[in-house]
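Please treat every number below as a calculation from the coordinates, not as lab data. Computed from a predicted structure; not experimentally measured. For neighbour counting, all protein chains shown are included, and Cβ atoms are generated from backbone atoms with ideal geometry for every residue, glycine included.
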Amino acid sequence: MPLRNSLLTWIVFAIAVQAQQAAPPTAENGAKHRAAYYIDTSALNIDALLPNPPAVGSPENNNELAELHRIENRRTPDEVAQAKADDAQEDMFAFKTVFGAAFTPDALPVTAALGEHVKNEQSVAGGELKRHYQRPRPFLTDSTLHPVCPAKPTNDSYPSGHSLTGYLEAFTLIELVPEKRAEILARADQFARNRLVCGVHYPSDTEASRRVAYAVFGYMLATPKFQHDLAAARVELRAKMGLTGN
């Protein structure tokens, strides 16, 4: 089945830890953090999967800033427009370019609900990692960069939340329509790269998101709740697209 081979390690891990799952962890000190719907981040321990981001002033960080300057100097008006559009639409329906004009929340309410739950898991997992690493946004480190998307003056660059959403939604859509796997993955990569075109993330931020997405999605695949929601969305989306089989 699609993605299963590349995610086998994470699925096995997820099944092993599911027996240890308790109620979703509550936020410390009364902070209102979003609750997980499918995953248990305390069992996943996803921060152990990532290296620390390059430190400010390090050769690695300086190389990434140089790459952002190269992207900024070469970005075209069309690329800027697409990056701004992707910045504004952080959900499953950013993949309309793959599925066509009929791919809308109104036409696909079951699929849309699944997409919202998947995006929620990004907020939970990605939010924890952002608070853990506290990486400054690139334009805070280098004031000669000129972001073209809304630039939050916050230390939450690593990993990229938009990119993590894009990859999680992509993996979900591949489970629903494996026939379009290549197009979906290409769109997810474009969605992630547009965070660099925007000038609001480092390349290592988006790479970290891709790594985390595989871990989180592998865990999700091992949960009956996600499998149930996938099955319902699969029926709806494939019928809307006129596709037969699973």
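Using Cα-only point scatterers and the Debye equation, what is log10 of I(q)/I(0) for region 36-118 at each q in 0.13, 0.16, 0.25 Å⁻¹, rounded to two decimals? For the requested q values the scattering log ratios are -0.79, -0.97, -1.09.
So what's the net charge close to Y133: Lys and Arg +1, Asp and Glu -1, counting the other residues with Cβ under 9 Å from its Cβ? Mind showing how you got there, number by number?
Numbers: positive: K130, R131, R135; negative: D47, D156.
That sum, taken over residues with Cβ under 9 Å, equals +1.
Rank T223, T172, T76 by mean-square fluctuation in a GNM of the chain with C-alpha springs under 10 angstrom and give only the top-ranked residue. It is T76. The sum of -39500 (n - 2.57) across all DSSP H runs of n ≥ 4, divided by the residue count of the chain, sets its helix-only mean residue ellipticity at 222 nm to -19500 deg cm²/dmol. Over all orientations, region 100-175 has a Cα convex hull whose mean projected area works out to 6.5 square nanometres. Per-residue Cβ neighbour counts within 10 Å put H132, H117 in the sequence H132, H117, beginning with the fewest.
Once you reduce region 139-204 and region 40-63 to the center of their Cα atoms, the two points are 16 Å from each other. Taking I39, I71, I174 as the candidate residues, the one with maximal mean-square fluctuation in a Gaussian network model of the chain, Cα springs under 10 Å, is I71.
I want the local charge near R193. Using Cβ-Cβ distances under 10 Å, sum +1 for each Lys or Arg and -1 for each Asp or Glu among the other residues.
Local charge sum for R193: -2.
For the chain, a Gaussian network of Cα nodes joined below 10 Å ranks E121, E179, E72 by mean-square fluctuation, and the top entry is E179. The Rg/Rh ratio of region 90-220, with Rg taken over Cα atoms and Rh as the Kirkwood radius over Cα pairs, comes to 0.99.
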